[in-house]
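The values are calculated or read from the model by the stated rules, or taken from the named source; none is laboratory data. All values derive from a computational prediction rather than experimental measurement. Positions of Cβ are generated from backbone atoms using ideal geometry, with glycine treated the same way; all protein chains shown enter the neighbour counts. Just so you know, the surface numbers come from the protein's heavy atoms only, side chains and all, with ligands and any DNA or RNA stripped out. Shrake-Rupley method; radii C 1.70, N 1.55, O 1.52, S 1.80 Å.
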Amino acid sequence: MDEKQYKTVKSSGALSIVAGVINIVAGVTIGVLLIVSGAKLLASKSNHLF
């Protein structure tokens, strides 16, 4: 019985690590895209009239 519980906890821990890595990669990617988008807006600042 203890071995079955160990395997369950082990697979749950592995899934949590994978989910964390995916979240970090997605966060960095979205952050870079937002920075690039903001840089483009700042570069074309003189073309906008408010």
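Per-residue answers, yes or no, for (1) open to solvent by less than 80 Å² (accessible area, probe 1.4 Å); (2) at pLDDT 90 or above; (3) part of a helix (DSSP H, G or I):
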position	(1), (2), (3)
T8	no, no, yes
A14	yes, yes, yes
V21	no, yes, yes
V25	no, yes, yes
I30	no, yes, yes
I35	no, yes, yes
G38	yes, yes, yes
S46	no, no, yes
F50	no, no, no
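When you look at K4, is it part of a helix (DSSP H, G or I), at pLDDT below 90 and surrounded by 10 or more Cβ atoms within 10 Å (Cβ to Cβ), yes or no? Walk me through it before giving the result.
On the way: part of a helix (DSSP H, G or I): yes; at pLDDT below 90: yes; surrounded by 10 or more Cβ atoms within 10 Å (Cβ to Cβ): no.
Here the answer is no, as K4 does not meet what is asked.
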